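Trainee: Starting off with a structure, shown below.
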Amino acid sequence: MDPFAGTEIIIDDTTLRDGEQTAGVVFSLEEKVAIARLLDAIGVPEIECGIPAMGKEEQASVRALVDLGLNARLITWNRAVISDIQASIDAGVTAVDISLSVSDIHIARKLCKDREWVKEQLKVALGFAKGHGLYVSVGGEDSSRADLDFVAELMAIARDLGADRFRFCDTLGILDPFTTFDKISFLRAQVPELDLEVHTHNDLGMATANAIAGIRAGARFVNTTVNGLGERAGNAALEEVVMALKHACGTDPGIDTRRFVELSKLVGKASCRPVPEWKAVVGERVFAVESGLHADGVLKHPANYEGFDPGEVGLARQIVLGKHSGSHGLRHRLAALDIVLPVVEEQCFMTRVRCRSQELKRPLGDGDLLALLTEMHHAA
Ligand SMILES: [Zn+2]
């Protein structure tokens, strides 16, 4: 029984699998538990949590996550090999992603096999998994470079053998949103009975855009990672996909976004990949305004220059004073320090603020402002 029947879009977050697969990233068990708990707490319905076939330690960590008794369904990544699926069963999960290479280049140059062999692998692995009552996502590795007629043929086999969905992977991150839309639409039309999932990578900076395009074309499931962590340039970022769905597409996938910054910091620290302050949605300074025109507009009415309320993701608006500031922003910042400047001093102080910020190559903090004020009054 599909626990998501009737739900429009389901997030499968793979921070703990594809995210950890990033070169140089390792999570401790405590970190995995903390990340899984927070993903669960904000309402992520499915968490891809590891690769049990990697060995006893990974199996034990998947088992520990299963034992948390989260609301989120846990799913593991497996090659289309019975021993992999058995390792997942042993780790206690009830859902698996079974991955197969589906492009001719992978089939010939990586596996040194042919399409018939791939179909056989699918039948054997899927038969085994369904025979053990598992929920199965069939993952098409390198789907973006594959012959789509062959992918549709595999999807039909998967459907007939009881698979629950098919994961379309842009493994190398080479698609654009328009091509993604066309490919997902084609597969959707060929095998409408089988749910589709999009798994995208950010090599060309389009992971989120491609994920959204896939959803628009009818994919019901989408793979994300916190901060877009993932192999090479990363995956589609959870926070970006969710906010894009809400604010660009008018669809709410039911995630409590107010803890996005907390989650982003947790994963940034655990992965030793600090989040840039300009990172979309969760960057510390994406709601900082300096330019006189924008600060004035935001102070008059936040929606003038904010696409969504910063509190919605756990951030706060910042009026920053620097080279581009205007008088409205200046007055606002000084008011927060309980300072009201006489109008005659305001322009002089503004000039000093701009100069100091240029010297320091950064906006000015409260300490800088107070020091500048003292200097100005001494000079007067
Ligand atoms: Zn991937």
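Trainee: To the nearest 10 degrees, how steeply does helix 56-66 sit against the main Cα axis of the chain, on a 0 to 90 scale?
Mentor: Approximately 70 degrees, to the nearest ten.
Trainee: May I ask for log10 I(q)/I(0) of segment 148-266 at q = 0.10, 0.11, 0.13, 0.18 Å⁻¹, from a Debye sum over the Cα atoms as equal point scatterers with solvent left out?
Mentor: Each listed q corresponds, in turn, to -0.30, -0.36, -0.50, -0.90.
Trainee: Roughly how many Å² is the accessible area per residue of the chain, as a whole number, for a 1.4 Å probe?
Mentor: That works out to 44 Å² per residue.
Trainee: Now a separate question. Tell me, what % of the accessible area of segment 173-308 is carbon and sulfur with a 1.4 angstrom probe?
Mentor: Values: 3150 of 5810 Å².
Carbon and sulfur atoms account for 54 percent of the accessible area of segment 173-308.
Trainee: Right, here's the next one. Compute the distance from the alpha-carbon center of segment 147-178 to that of segment 9-23, in whole Å.
Mentor: 19
Trainee: Okay, moving on. Among all lysine pairs in segment 1-155 that are eight or more places apart or on different chains, how many have alpha carbons less than 25 angstrom apart?
Mentor: On the way: K32/K56; K56/K130; K110/K119; K110/K123; K113/K123; K113/K130; K119/K130.
Lysine pairs satisfying the spacing and distance rule in segment 1-155 number 7.
Trainee: Calculate, in nm to one decimal, what C249 and D104 gain on full extension: separation in residues at 0.36 nm each, minus their alpha carbon distance. Display every interim value, and only then the final one.
Mentor: Numbers: separation 145, 0.36 × 145 = 52.20 nm, distance 3.47 nm.
Roughly 48.7 nm would be gained on extension.
Trainee: In degrees from 0 to 90, rounded to the nearest 10, what is the angle of the helix 238-247 Cα long axis to the longest principal axis of the chain?
Mentor: 70
Trainee: Out of the trypsin sites (Lys or Arg not before Pro) in segment 195-264, which ones are loop residues according to DSSP with at most 15 other C-beta atoms within 10 Å?
Mentor: R232
Trainee: Does the chain classify as rounded, prolate or oblate by the C-alpha gyration tensor (a ≥ b ≥ c root eigenvalues; a/c under 1.5 gives rounded; else a/b over b/c gives prolate, otherwise oblate)? Could you put the intermediate results ahead of the total?
Mentor: On the way: a/c = 2.83, a/b = 2.36, b/c = 1.20.
Cα axes put the chain in the prolate bin.
Trainee: DSSP beta bridges in the chain, what fraction antiparallel, as a percent rounded to 5?
Mentor: Taking every DSSP beta bridge with both residues in the chain, the antiparallel ones total about 5 percent.
Trainee: Using 0.36 nm times the number of residues separating E375 and K56, minus their current alpha carbon distance, what extension gain do you get? Show your work: numbers first, answer last.
Mentor: Numbers: separation 319, 0.36 × 319 = 114.84 nm, distance 6.52 nm.
Contour length minus Cα-Cα distance gives 108.3 nm.
Trainee: Helix 82-91 sits at what angle to the longest principal axis of the chain, using alpha carbons and giving 0 to 90 degrees rounded to 10?
Mentor: 60
Trainee: Top mean-square fluctuation among G268, G367, G218, Gaussian network model of the chain, C-alpha springs under 10 Å?
Mentor: Answer for the Gaussian network model of the chain: G367.
The values are calculated or read from the model by the stated rules, or taken from the named source; none is laboratory data. Fair warning: this is a prediction, and the values are worked out from it, not measured in the lab. Glycine gets a Cβ as well: all are built from the backbone with ideal geometry, and neighbour counts include every protein chain shown. The accessibility values were calculated without ligands, DNA or RNA, using every heavy atom of the protein model including side chains. Shrake-Rupley method; radii C 1.70, N 1.55, O 1.52, S 1.80 Å.
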